[in-house]
Amino acid sequence: MRRVGQPLASMGADVRGRDSGNLAPLAVQGTTLRGTIVGTPVASAQVKSAILLAALTADGPTTVIEPSQSRDHSERMLRAFGANLEVGGEMGRHISVKPGATLHGQTVVVPGDISSAAFWLVAGALVPGSDLTIENVGLNPTRTGILEVLDQMGANIEIVNPRDVAGEPVGDLRVKHGPLKPFQFGEEIMPRLVDEVPILSVAACFCDGESRISGAAELRVKETDRLAVMARQLKAMGAEIEEHDDGMTIRGGRPLHGTALDSETDHRVAMSMAVAALMANGPSTLARSEAAAVSYPTFWDDLERLHR
């Protein structure tokens, strides 16, 4: 937790915990915060949002400088509520908040999460005969890296009825089955698809050729070490994967076989392995499948409905 505790401490926050405040449980003592300039070492929307929210009551302006732009839902929402927030710098990497503005509550419509839709986009592209439309998906440009990679793969995806809802671009996504090509991507796109790496590693297993993911070291500090867990679980199904410090190389085109799988308590791993199991030869079992409920409580119901 030092990645968020340390920048908050630079604003005067009193955050304590094990390993000098790096490990939970944490204790936070309320105190007056001061405005500051914070440079975040990685592009993390969660860390950025924590600093911006804290900055609302600081005694002066605060600026967050990111190495590359991360998702900007918090900036859009804070502006809509009346915060004095400005975005500048190259590619919108400098976000500044001046405290003192009065925020006004309002009705908010939250669009569907493209990270959850990603499982159906990949499943629809892989499963023969599929033709799915996923409605009301948020298409914020800081989140649509998954669509760019799927386009690189030749996936048959169409954006239908694009519109604007509560300051966020929204649309319906229609996906049809078709052959997929191998892909490569690295750190330049990672902030816009970091949560989709697990399901894209599944997709890579069914592309004829070698796919390469790099610049994804951030995945080692998620709910699990997602690079290690996805490599371990897909290898158990017969996938040919080489794990790297910051990503993996996947040699697709080998048939996967059903086996005993484990989400290892990670929701995105659980849902990714469900899609892999759909395409495998023979049945699979998935231990700790309930992990999917962390971000998608009805995932298994939806999968059953679509798979009938």
Could you check Ser49 against (1) without any contact (Cβ under 8 Å) to a residue 60 or more places away in the chain; (2) buried (at least 16 other Cβ atoms within 10 Å of the Cβ); (3) more than 26 Å from Gly105 (Cα to Cα); (4) small (Gly, Ala, Ser) and say which number it fails? (3)
Selection status of Arg232, over 20 Å from the mean Cα position of the chain (by Cα) and among the basic types (Lys, Arg): yes
With a cut-off of at least 1 residues that are more than 30 Å from Lys176 (Cα to Cα), name the strands (runs of 3 or more DSSP E) lying wholly within the range 41-141. 62-65, 84-88, 94-98
Please enumerate the residues belonging to the range 6-37 that are under 26 Å from Val194 (Cα atoms) and buried (at least 19 other Cβ atoms within 10 Å of the Cβ). Pro7, Leu8, Gly21
Across the range 214-267, the tally of residues that are charged (D, E, K, R) and surrounded by 22 or more Cβ atoms within 10 Å (Cβ to Cβ) stands at 2
For the range 150-189, name all the residues that are under 27 Å from Leu219 (Cβ atoms) and among the acidic types (Asp, Glu). Asp151, Glu168, Glu187, Glu188
Quick check, is Glu196 out of contact with any His (no Cβ under 9 Å at 6 or more places or on another chain), closer than 24 Å to Val47 by Cα, acidic (Asp, Glu) and surrounded by fewer than 23 Cβ atoms within 10 Å (Cβ to Cβ)? no
Glu187 - would you say it is part of a loop (DSSP other than H, G, I, E, B), buried (at least 17 other Cβ atoms within 10 Å of the Cβ) and in the same structural domain as Ala293 (by TED's automatic domain parsing)? yes
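Let's see how each residue does on (1) over 20 Å from Ala274 (Cβ atoms); (2) within 24 Å of the chain's Cα centre (by Cα); (3) assigned by TED's automatic domain parsing to the domain that holds Pro169:
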| site | (1), (2), (3) |
| --- | --- |
| Arg79 | yes, yes, no |
| Asn84 | yes, no, no |
| Glu90 | yes, yes, no |
| Leu103 | yes, no, no |
| Val109 | yes, yes, no |
| Ala118 | no, yes, yes |
| Pro128 | no, no, yes |
| Leu132 | no, yes, yes |
Answer yes or no: is there a residue in the range 22-40 that is over 22 Å from the mean Cα position of the chain (by Cα), closer than 30 Å to Val170 by Cβ and not in a loop (DSSP other than H, G, I, E, B). no
Of the conditions (1) touching an Asp or Glu at 6+ places or on another chain (Cβ under 7 Å); (2) over 30 Å from Gly215 (Cβ atoms), Arg16 fails just one. Which one is it? (1)
I'd like to check something: does the range 175-195 contain any residue that is among the basic types (Lys, Arg) and without any contact (Cβ under 8 Å) to a residue 60 or more places away in the chain? yes
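Residue-by-condition table, conditions (1) surrounded by fewer than 19 Cβ atoms within 10 Å (Cβ to Cβ); (2) in contact with an Asp or Glu (Cβ under 7 Å, 6 or more places away or on another chain):
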{"site": "Glu86", "(1), (2)": "yes, no"}
{"site": "Val109", "(1), (2)": "yes, no"}
{"site": "Asp113", "(1), (2)": "yes, no"}
{"site": "Ala117", "(1), (2)": "no, no"}
{"site": "Gly124", "(1), (2)": "no, no"}
{"site": "Glu135", "(1), (2)": "yes, yes"}
{"site": "Arg143", "(1), (2)": "no, no"}
{"site": "Gly154", "(1), (2)": "yes, no"}
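The values are calculated or read from the model by the stated rules, or taken from the named source; none is laboratory data. Predicted model only: the values in this text are computed from it and were never measured. Every residue, glycine among them, receives a Cβ derived from its backbone with ideal geometry; neighbour counts consider all protein chains shown.
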